[in-house]
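The values are calculated or read from the model by the stated rules, or taken from the named source; none is laboratory data. Computed from a predicted model, the values in this text were never measured in an experiment. Glycine also receives a Cβ, built like all others from the backbone with ideal geometry; neighbour counts cover every protein chain displayed.
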């Protein structure tokens, strides 16, 4: 969000584009009643009078309440066979209407045609002509100084680095369900704050999967030696050539893939990531004690400060790293998390206790045990290493 949300009172003309903005089936997702033809008509009829059923009526009602007009242009959609007869005409119409809008809301993503049993995808880009729609809208928005807000209605993470780089704001609603329209409207206009966090890491490219944060440490892992792999010094390259190493392609850009930008090494958005209208930061964090007895659940204290003008909710996440173990373990695993409300201008301190079972390993005998030794608690607002503070503690044998 580059300062365009919540929707400002000065915004009086809003253009809503994308067939997903008015697609009930997408909001429900695959393997729901609406995916069964024999149930769809009955269910839709039963809720035909429900207020703000899809995104479109909910956003229109909220815009009117704010004294703004909302125009809707379907333009194009994600389905293999789109209901829109001529998507080129639809995109052209959306571009024309964007020229007179104060804000453009583009709802894009996938549909039940692209997910579910027997519907694997080899690619993770926006299906259909949705990317072409966004590119065309972006050109107009840049020339007019109009914000382009992209709403992702999707059942799975998508590889969309262009969207992250060019959208004024990105909101992910997943399969929003029957109340999704009202929820999205409340969030966009700031009636509610964003408290959701990514439940899965988002890749920048399908070829870099997996990108989950709790991979095993190794040569191509961003947690290796505390950070991304560095370029090999020139003095060492002859030695590498002797072992058949590809010197030309070696990790000079700190990425696991030589043909991807270095800032894509961990994907687009990490697990646990999310933004807020509030300005809440972790001011301090410390273990309640540096040494813990075997079988005792460690805890830590976290001090938060909200230096903004809005109340907000911080989602504190604590990950655990077993520094030395008898078996290979992930670099870090989520061991605890906590939502904490912090009023505007306020400070607060909270205590978080770690899940004891996440300190355990399965040893050579197949038993779950906690091995004494050094651990790290990593506390922050997402799983990304740069967002985390490292707090060492040790578990002592009985």
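For the range 258-286, a residue qualifies if it is surrounded by fewer than 19 Cβ atoms within 10 Å (Cβ to Cβ) and either touching a helix residue (DSSP H, G or I) at 6+ places or on another chain (Cβ under 6 Å) or assigned to a strand (DSSP E or B) (or both), and the qualifying residues are 281, 282, 283, 284, 286. Within the range 96-109, at least one residue is surrounded by fewer than 18 Cβ atoms within 10 Å (Cβ to Cβ) and either closer than 24 Å to residue 24 by Cβ or free of Cβ contacts under 8 Å to residues at least 24 places away in the same chain (or both).
Would you check if residue 75 is assigned by TED's automatic domain parsing to the domain that holds residue 184 and either at pLDDT below 85 or crowded, with 21+ Cβ neighbours inside 10 Å (or both)? Here the answer is yes, as residue 75 does meet what is asked. Report yes if some residue within the range 315-324 is modelled with pLDDT of 95 or more, surrounded by fewer than 17 Cβ atoms within 10 Å (Cβ to Cβ) and not in a loop (DSSP other than H, G, I, E, B); otherwise report no. Looking through the range 315-324, none of the residues is modelled with pLDDT of 95 or more, surrounded by fewer than 17 Cβ atoms within 10 Å (Cβ to Cβ) and not in a loop (DSSP other than H, G, I, E, B).
Here the range 1-45 is the region considered, the condition is being exposed (fewer than 15 other Cβ atoms within 10 Å of the Cβ) and modelled with pLDDT of 90 or more, and the residue that is nearest to residue 194 (Cα to Cα) is 9.
Residue 327 meets the stated requirement of being in the same structural domain as residue 386 (by TED's automatic domain parsing), surrounded by fewer than 21 Cβ atoms within 10 Å (Cβ to Cβ), more than 30 Å from residue 191 (Cα to Cα) and free of Cβ contacts under 8 Å to residues at least 40 places away in the same chain.
Let's see how each residue does on (1) in contact with a strand residue (DSSP E or B) (Cβ under 9 Å, 6 or more places away or on another chain); (2) assigned to a strand (DSSP E or B); (3) on the phi > 0 side of the Ramachandran plot:
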| site | (1), (2), (3) |
| --- | --- |
| 101 | yes, no, no |
| 105 | yes, yes, no |
| 114 | no, no, no |
| 119 | no, no, no |
| 132 | no, no, no |
| 140 | yes, no, no |
| 157 | yes, no, no |
| 165 | no, no, no |
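To keep it simple, each residue is scored yes or no on (1) under 21 Å from residue 5 (Cα atoms); (2) within 22 Å of the chain's Cα centre (by Cα); (3) at pLDDT below 90.
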| site | (1), (2), (3) |
| --- | --- |
| 63 | yes, no, no |
| 67 | yes, no, no |
| 70 | yes, no, no |
| 100 | yes, no, no |
| 126 | no, yes, no |
| 134 | yes, yes, no |
| 142 | yes, no, no |
| 156 | no, yes, no |
| 161 | yes, yes, no |
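Being surrounded by 13 or more Cβ atoms within 10 Å (Cβ to Cβ), touching a helix residue (DSSP H, G or I) at 6+ places or on another chain (Cβ under 9 Å) and in contact (Cβ under 8 Å) with a residue 12 or more places away in the chain is a property that does not hold for residue 294. Can you confirm whether residue 152 is outside any loop (DSSP other than H, G, I, E, B) and either more than 26 Å from residue 313 (Cα to Cα) or assigned by TED's automatic domain parsing to the domain that holds residue 56 (or both)? Here the answer is yes, as residue 152 does meet what is asked. Screening 117, 87 for residues that are closer than 14 Å to residue 19 by Cα, in the same structural domain as residue 23 (by TED's automatic domain parsing) and at pLDDT below 90 leaves exactly one candidate, 87.
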